[in-house]
1. Considering only residues that are closer than 13 Å to Glu58 by Cβ, assigned to a loop (DSSP other than H, G, I, E, B) and in contact (Cβ under 8 Å) with a residue 60 or more places away in the chain, which ones fall in the range 18-46?
2. Identify the single condition in (1) surrounded by fewer than 16 Cβ atoms within 10 Å (Cβ to Cβ); (2) closer than 22 Å to Pro106 by Cβ; (3) charged (D, E, K, R); (4) in contact (Cβ under 8 Å) with a residue 60 or more places away in the chain that Arg15 does not satisfy, given that it satisfies every other one.
3. Within the range 18-60, which residues are within 24 Å of Phe114 (Cα to Cα), among the aliphatic types (A, V, I, L, M) and surrounded by 24 or more Cβ atoms within 10 Å (Cβ to Cβ)?
4. Here are the criteria: (1) touching a Pro at 6+ places or on another chain (Cβ under 6 Å); (2) closer than 24 Å to Ala36 by Cβ; (3) β-branched (Val, Ile, Thr). Tell me which single one Ile137 does not satisfy.
5. Test of understanding: among Ala125, Ala83, Ala89, Ala119, which residue is more than 25 Å from Leu234 (Cβ to Cβ) and part of a strand (DSSP E or B)?
6. Restrict the check to the range 121-141 and report whether at least one residue is among the polar types (S, T, N, Q) and either modelled with pLDDT of 95 or more or in contact with a Lys or Arg (Cβ under 7 Å, 6 or more places away or on another chain) (or both).
7. Outside the structural domain of Arg10 (by TED's automatic domain parsing), aliphatic (A, V, I, L, M) and more than 23 Å from Ile91 (Cβ to Cβ) - does that describe any residue in the range 183-190?
8. Among (1) free of Cβ contacts under 8 Å to residues at least 12 places away in the same chain; (2) at positive phi, which single condition is Asp148 missing?
Amino acid sequence: MKVIAMIPARYSASRFPGKLMQSLAGKSVIVRTYEATLNTGLFDAVYVVTDSEQIKEEVLKNGGKVFMSLEDHETGSDRIAEAAKAVEADIIVNVQGDEPFTRKEPLQDLIAVFYKDTAQRIDLASLVHPMKSLEEIENPNNVKVVMDNENHVLYFSRAPIPYPRNKEIETTYYKHIGIYAFRKEALLAFTTMSMQQNEATEKLEGIRFLEYGKKIKMVETPHKVIGIDTPEDLILANKLWK
């Protein structure tokens, strides 16, 4: 089974424009993310997929591999699907470009889903982490996931789900970590599916797979993903790197 990683990397970002080109301990955030992904040793190849000439040149001068997006894309999945058409692969892992602390263990667990799925019933897999604080649970930036008894996704939402009507039941809330692993055919199929009401309302692309009957398997990980969404996150990331 051939497994590759693709890192979608847009230059513009609403909360922190140009964040991928910012310095993290002497190297840009995108290069740190690329190197962290490559250093896991899990992939036959690692590519950055970008719409930015600046990011392209930054990755190339640091020895990385790049695909340039030729089209405008609404989601990261659409962006890497464009590049995926040109590569030979069975499994494509989408690693977010603003996650320079990417670790081997959760990615390894994610890829293992497909080795175990001999019947090839799983279309894509992703990661979840249990949330403890009410502040985390109520934060709409933390995407919540409800799963069945085999950890297949029932629904994603920015709202706290399941709704705690019965206060006496101790409920675990799961945060979705946006690292996806796709069967290539499922990723390419995504680009042919039009956005439906629930995805448009929540602004969560994972819902589109559910609405078209794709099966998503979640893997619980104890490792928190540290992303860089704001200038404050970058300051913290530099402190953590030291």
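The values are calculated or read from the model by the stated rules, or taken from the named source; none is laboratory data. A quick note: this is a predicted structure, and the numbers were derived from the prediction, not measured. We place every Cβ from the backbone using ideal geometry, glycine too, and count neighbours over all the protein chains shown.
1. Scanning the range 18-46 gives a single hit, Gln22.
2. Going through (1) surrounded by fewer than 16 Cβ atoms within 10 Å (Cβ to Cβ); (2) closer than 22 Å to Pro106 by Cβ; (3) charged (D, E, K, R); (4) in contact (Cβ under 8 Å) with a residue 60 or more places away in the chain one by one, Arg15 breaks only (2).
3. If the condition is that a residue be within 24 Å of Phe114 (Cα to Cα), among the aliphatic types (A, V, I, L, M) and surrounded by 24 or more Cβ atoms within 10 Å (Cβ to Cβ), then Val48, Val49 are the ones that fit.
4. Evaluating Ile137 over (1) touching a Pro at 6+ places or on another chain (Cβ under 6 Å); (2) closer than 24 Å to Ala36 by Cβ; (3) β-branched (Val, Ile, Thr) leaves (2) as the failure.
5. Sole residue among the options that is more than 25 Å from Leu234 (Cβ to Cβ) and part of a strand (DSSP E or B): Ala125.
6. So far as the range 121-141 goes, yes, one or more of its residues are among the polar types (S, T, N, Q) and either modelled with pLDDT of 95 or more or in contact with a Lys or Arg (Cβ under 7 Å, 6 or more places away or on another chain) (or both).
7. no
8. (2)
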